[in-house]
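Undergrad: Dropping a structure here in structure tokens format, bear with me for questions.
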Amino acid sequence: MSASSQPLRCGQVLNRALHELFATRDDVHLLGEDVLDPYGGAFKVTQGLSDAYPDRVLTTPISEASLFGVAAGMALRGRRPILEIMFGDFIALGFDQIVNGIAKFREMYDGQVTVPLVVRTPMGGRRGYGPTHSQSLEKLLLGVPNVVVVATSECHDLRGLLVSAVEDDRPVFLVENKLMYGRPNRRPEDGHVGELEVRETGARYPALTFSGTGFGEASATIVTYGGMVPVVLDAVTDLILEHEIFCEVVALSQLLPMELEPVLESVARTGALVTAEEGTLTGGFGAEVSARVQELAWSELRAPVRRVAARDGIVPSARPLEDAMLPGAQDVVEAIVSLEGVRR
């Protein structure tokens with residue numbers, strides 16, 4: 001691939017998608033802290049928007065609860081607001097608005113109103129930001145009915161996910177891993193990402209399934225999302241080269257409502273499942289997936305579902321401690337190798 005045809009960085013793709021949405025829809029507005037030019041947001045995803053559309057980009061005080069309330073009101077009045085929460089850790093400050101308002105209005109008013117709100121927020125660690133700016137808190141949203149939680153990854157169609165979220169009449173939380181912004185958007189080419197064959201579902205928020213065997217015999221399925229996708233793909237490569245173990249990887253984008261058809265299809269081929277997430281272990285994404293898969297596909301499993309996640313605790317600032325806290329490729333490798341009855 002020539003230098004001129006290198007894929008755009010993920011942050012650039014999201015920025016271009018925002019500009020496209022503003023150019024084609026007069027009802028789209030952006031709210032958030034420090035989103036005005038020349039700063040353009042903490043991760044520069046909103047650069048250029050306030051200069052081009054000064055009446056539709058609103059910089060706000062540091063008051064997340066108020067921001068959620070204002071954005072919800074705009075959505076109720078027929079606008080399509082995009083709320084940028086500077087760090088995903090701060091969604092906790094808006095939880096009353098989310099749980100007791102945004103998620104409930106449509107049902108409380110018998111479907112007479114909608115809340116087409118998009119909340120964009122970066123999650124995750126590995127940047128040394130410390131305990132209150134490095135968490136993966138999307139699991140807190142997975143128990144809230146009537147919202148949609150979508151996780152981006154460097155292999156998904158980022159433009160498509162953002163456009164679909166804005167067009168959705170439901171409240172959508174778009175979770176963007178921090179490390180993703182500066183990395184290339186590695187979309188499948190000729191049905192492959194690197195050496196792995198890829199299948200993509202046709203859903204509004206698609207899932208990607210990766211296989212190193214052309215979707216033939218494999219030893220296990222790994223289900224993951226977001227910033228763990230490149231970590232898991234590195235683990236899969238290591239498993240092939242060092243252990244001669246082949247796995248399938250299902251990278252979900254829609255986490256809620258949870259739709260596990262691609263996972264169940266993969267488990268039917270492999271007979272084993274490992275979940276991988278950057279959030280803490282207890283009560284997480286992996287726990288919910290494990291429960292559902294064991295209810296729906298018990299006869300397909302030859303071993304209990306294994307979970308890979310962060311340790312239950314804070315995310316330290318010091319890099320060696322942060323690395324020890326968060327799950328890495330070696331944790332995924334060890335989970336696969338330790339599965340009882342792994343086919344080789």
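Nothing in this text is a laboratory measurement; each read-out follows from the coordinates by a stated rule. None of the values given here were measured: they were computed from a predicted structure. Virtual Cβ from ideal backbone geometry, glycine too; neighbours counted across all protein chains shown.
Undergrad: For the chain, which DSSP H helices look membrane-span-like by this rule: Cα extent along the axis of 20 Å or more and mean Kyte-Doolittle of at least -0.5?
TA: Length and hydropathy pass: 10-24.
Undergrad: Just to be sure I understand, if you calculate P(r) over Cα pairs in 20 Å bins from 0, in percent for this structure, which of (i) 26, 61, 12; (ii) 31, 60, 8, 0; (iii) 31, 57, 11, 0 do you get?
TA: (iii)
Undergrad: About the Cα centre of the stretch 240-344, how large is the charge dipole given +1 on each Lys and Arg Cβ and -1 on each Asp and Glu Cβ? Please answer in debye to the nearest 20.
TA: 200
Undergrad: Please find the FRET efficiency linking D26 to Y109, where r is the Cβ-Cβ separation and R0 is fixed at 35 Å, and quote it to the nearest 0.05.
TA: 0.85
Undergrad: Using 0.36 nm times the number of residues separating N146 and D34, minus their current alpha carbon distance, what extension gain do you get?
TA: Extra length available between N146 and D34 comes to 37.4 nm.
Undergrad: Here's something else I'd like to know. Quote to one decimal, in nm, the extra length available between Q294 and R16 on full extension: 0.36 nm per residue of separation minus the C-alpha distance between them.
TA: That pair, Q294 and R16, stretches by 96.0 nm at full extension.
Undergrad: Here is a follow-up. What number, rounded to the nearest 500 deg cm²/dmol, is the helix-based mean residue ellipticity at 222 nm of the chain, given -39500 (n - 2.57) per DSSP H run of at least four residues and division by all its residues?
TA: -8000 deg cm²/dmol
Undergrad: Still on this model: What does the charge count near Y39 come to, summing +1 for each Lys or Arg and -1 for each Asp or Glu among other residues with Cβ under 15 Å from its Cβ?
TA: -4
Undergrad: Determine the dipole magnitude for the chain: charges of +1 sit on the beta-carbon of Lys and Arg, -1 on that of Asp and Glu, nothing else is charged, the reference point is the Cα centre, and the result goes in debye to the nearest 20.
TA: Dipole size: approximately 360 debye.
Undergrad: Around K139, with a cut-off of 15 angstrom between Cβ atoms, what is the net charge of the other residues, counting Lys and Arg +1 and Asp and Glu -1?
TA: -3
Undergrad: Same structure again: For the stretch 88-143 and the stretch 39-71, write down the distance between their C-alpha centroids in whole Å.
TA: 17
Undergrad: With point charges of +1 on the Cβ of Lys and Arg and -1 on the Cβ of Asp and Glu, referenced to the Cα centre of the stretch 10-181, which listed residue (G160, A75, C10) lies farthest in the positive direction of the dipole?
TA: The listed residue farthest towards the positive side: C10.
Undergrad: Suppose every K and R has +1 on its Cβ and every D and E has -1 on its Cβ; what is the size of the dipole of the stretch 10-181 about the Cα centre, in Debye to the nearest 20?
TA: Using only the charged Cβ atoms, the result is roughly 220 debye.
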